[in-house]
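So the structure is just underneath, and the comments pick up after that.
The values are calculated or read from the model by the stated rules, or taken from the named source; none is laboratory data. This is a predicted model, so every value here is computed, not measured. Methodologically, a virtual Cβ is constructed for each residue, glycine included, from the backbone with ideal geometry; neighbour enumeration extends over all protein chains shown.
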């Protein structure tokens, strides 16, 4: 995936977005009223934003209370792994024009439930790392 000699490679923003655009699942972290929650969610990366769908409930309520979110996605195989973390602000799309544009992107839900609300995450920070897996080296 990425060529490097060190066990850990810090990814550029461009490399991180490449991984985000090839993945469809992750976790969103929300905080409201002193409580932090994490939810598995599927998503779509588009125009340097993340787009998600949701049903009414905790996610939507918490985003209206506190727009600051953290999102993480990762991948692992037998000899390598990677992780991308996005910090940003989230909002529920409101206008008919925004919702119609989001629907054109074809973001499908994971489970067969109605998820009529679109959440957009606008990143303020992105960090990615690629790992070469292996045994811990000898100390001496």
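What are the residues in the range 1-39 that are in a loop (DSSP other than H, G, I, E, B) and closer than 16 Å to residue 88 by Cα, if any? Within the range 1-39, none qualify.
Just checking, does the range 77-92 include any residue being modelled with pLDDT under 95 and either in contact with a strand residue (DSSP E or B) (Cβ under 8 Å, 6 or more places away or on another chain) or assigned to a strand (DSSP E or B) (or both)? Yes, there is a match, as at least one residue in the range 77-92 is modelled with pLDDT under 95 and either in contact with a strand residue (DSSP E or B) (Cβ under 8 Å, 6 or more places away or on another chain) or assigned to a strand (DSSP E or B) (or both).
Taking the listed residues 44, 9, 60, the one that is surrounded by 12 or more Cβ atoms within 10 Å (Cβ to Cβ), within 17 Å of the chain's Cα centre (by Cα) and at pLDDT below 95 is 60, with no other qualifying. Once the range 25-39 is narrowed to residues that are modelled with pLDDT of 95 or more and out of contact with any helix residue (DSSP H, G or I) (no Cβ under 9 Å at 6 or more places or on another chain), the residue that is farthest from residue 132 (Cα to Cα) is 36.
Name the residues in the range 40-64 that are in a helix (DSSP H, G or I) and in contact with a helix residue (DSSP H, G or I) (Cβ under 9 Å, 6 or more places away or on another chain), would you? Selection gives nothing.
When we screen 111, 121 for residues that are exposed (fewer than 10 other Cβ atoms within 10 Å of the Cβ), closer than 25 Å to residue 57 by Cβ and either modelled with pLDDT of 95 or more or within 20 Å of the chain's Cα centre (by Cα) (or both), the only hit is 111.
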